[in-house]
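The values are calculated or read from the model by the stated rules, or taken from the named source; none is laboratory data. The structure displayed is predicted, hence computed values, not measured ones. Glycine also receives a Cβ, built like all others from the backbone with ideal geometry; neighbour counts cover every protein chain displayed.
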Amino acid sequence: MIYFDNAATSWPKPPQVKEAMNRFMEEVGANPGRSGHVLSIEAARMIYEAREALSALFHVKDSSRIVFTLNATESINLALKGLLKYKDHVITSSMEHNSVMRPLRDLEKRGIALTVVPCFEDGTLDPREVEKQIQSTTRMIVLNHASNVTGTLLPVREIGKIAREYNLLFLVDAAQTAGAYPMEVDKDGIDLLAFSGHKSLYGPQGTGGLVIGERINEKEMIPLKQGGTGSRSEFEEQPDFLPDRLESGTPNGVGIAGLLAGVQFVLEKGVEQIRQKEITLIEKLIKGLKEIPQVKLYGPESHKDRMATLSFNFTHLSPSDGASHLEKEFGILCRPGLHCAPAAHHTIGTFPEGTIRFGLSIFNTGTDIETAIQAISQISKER
Ligand SMILES: Cc1ncc(COP(=O)(O)O)c(C=O)c1O
């Protein structure tokens with residue numbers, strides 16, 4: 001079996017992730033920061049260590065500004081709903097995932113103005129097109145760092161500069177890049193970084209987070225949920241400091257233990273090295289598929305503009321039939337369809353059928369790629 005669905009969630013995970021989760025279940029297990037006994041302190045220490053590891057990865061100075069969530073979707077909702085106010089104008093791109101589009105479309109119905117800047121057919125975006133849309137009421141720019149459909153990288157650093165110049169908030173959906181592409185939150189001009197823990201950070205499902213930059217006043221941020229934090233228990237009001245203001249209820253301790261091990265794995269390997277390996281694999285895949293006339297590829301050709309996620313179609317087979325042949329005849333697991341990103345498929349011209357998506361990870365090999373190229377070549381000849 002070859003797993004090419006890493007853009008949805010990575011698998012396999014490094015063995016140390018499972019070991020850390022087992023260790024938490026067997027030796028820690030307590031509620032962090034609540035009870036003051038040895039196990040509670042150990043759970044809190046582990047969660048602090050996870051925040052510190054993520055701070056090292058994203059170059060965040062104060063680890064209390066990293067808030068744990070269930071996934072990137074929750075982080076994006078928290079950033080948008082926590083900060084946007086009636087009549088604010090927001091700019092986004094036409095390559096966004098529904099985790100950005102759906103909350104924005106809902107906020108639009110409640111009085112927020114939205115501009116969706118069109119991307120080119122390969123998913124790339126001209127930063128000047130974003131700048132042109134800035135108005136006096138613009139408050140935020142929201143962009144994915146890389147598309148989950150084509151792997152296209154958007155010009156985050158350039159747009160970060162524009163956001164700072166116009167004093168706008170900049171929210172980046174790093175679901176597809178956290179752990180697989182170097183990131184420096186402040187240098188990149190990012191105010192809010194939403195990430196999944198379960199993709200290229202190799203943590204378990206049910207983990208994610210939001211980095212809240214120094215320019216954000218957390219006291220003004222409205223939490224998605226309020227409740228027990230283990231701190232300031234004498235007050236009935238939510239604490240106004242981070243991370244407690246935005247983290248209520250018992251956290252996903254076992255999940256965060258796994259996420260910490262995943263982030264440590266990424267830090268040990270090095271993001272640049274991970275990217276280098278993934279790029280080598282995707283270039284090999286693109287080179288092989290370009291030789292097959294019945295296959296159409298989407299997204300940028302240059303590795304500089306992309307992640308190791310690729311969309312393609314057979315010219316004579318629907319994405320779902322193609323994916324079904326790949327699984328049934330060759331044991332290749334991938335994702336056909338719209339990938340929760342209809343806007344992106346409109347942009348690249350593949351709506352409503354979508355594409356077949358291969359999302360690679362550090363655990364894929366050159367042999368996986370050769371097998372996939374052969375399989376695709378065979379399917380395209382037989383049908
Ligand atoms: C670009 C992008 N944004 C957001 C998400 C949502 O991530 P999560 O599943 O962690 O909520 C995904 C998931 O595939 C994604 O690819």
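Numbers at a glance
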{"item": "Extreme residue, farthest from GLY197 (Cα to Cα), among residues of the stretch 56-75 that are away from the ligand (no atom under 15 Å from the Cβ) and hydrophobic (A, V, I, L, M, F, W, C)", "result": "VAL60"}
{"item": "Candidate set from the stretch 135-154 (those that are more than 16 Å from the ligand (Cβ to nearest atom) and part of a loop (DSSP other than H, G, I, E, B)); member that is surrounded by the fewest Cβ atoms within 10 Å (Cβ to Cβ)", "result": "SER136"}
{"item": "Out of THR347, THR315, sole residue that is surrounded by fewer than 23 Cβ atoms within 10 Å (Cβ to Cβ), among the polar types (S, T, N, Q) and not assigned by TED's automatic domain parsing to the domain that holds THR124", "result": "THR315"}
{"item": "Unique residue being farther than 30 Å from LEU125 by Cβ and of a type in the set (A, V, I, L, M) when the list is LEU310, LEU317, LEU338, LEU297", "result": "LEU317"}
{"item": "Cross-chain or 6+ apart pairs with Cβ under 6 Å, the stretch 87-102 first and assigned by TED's automatic domain parsing to the domain that holds HIS145 and small (Gly, Ala, Ser), then away from the ligand (no atom under 13 Å from the Cβ) and in a helix (DSSP H, G or I)", "result": "SER94/THR347"}
{"item": "Among the candidates HIS37, HIS59, residue that is in the same structural domain as MET183 (by TED's automatic domain parsing), on the phi > 0 side of the Ramachandran plot and of a type outside the set (Val, Ile, Thr)", "result": "HIS59"}
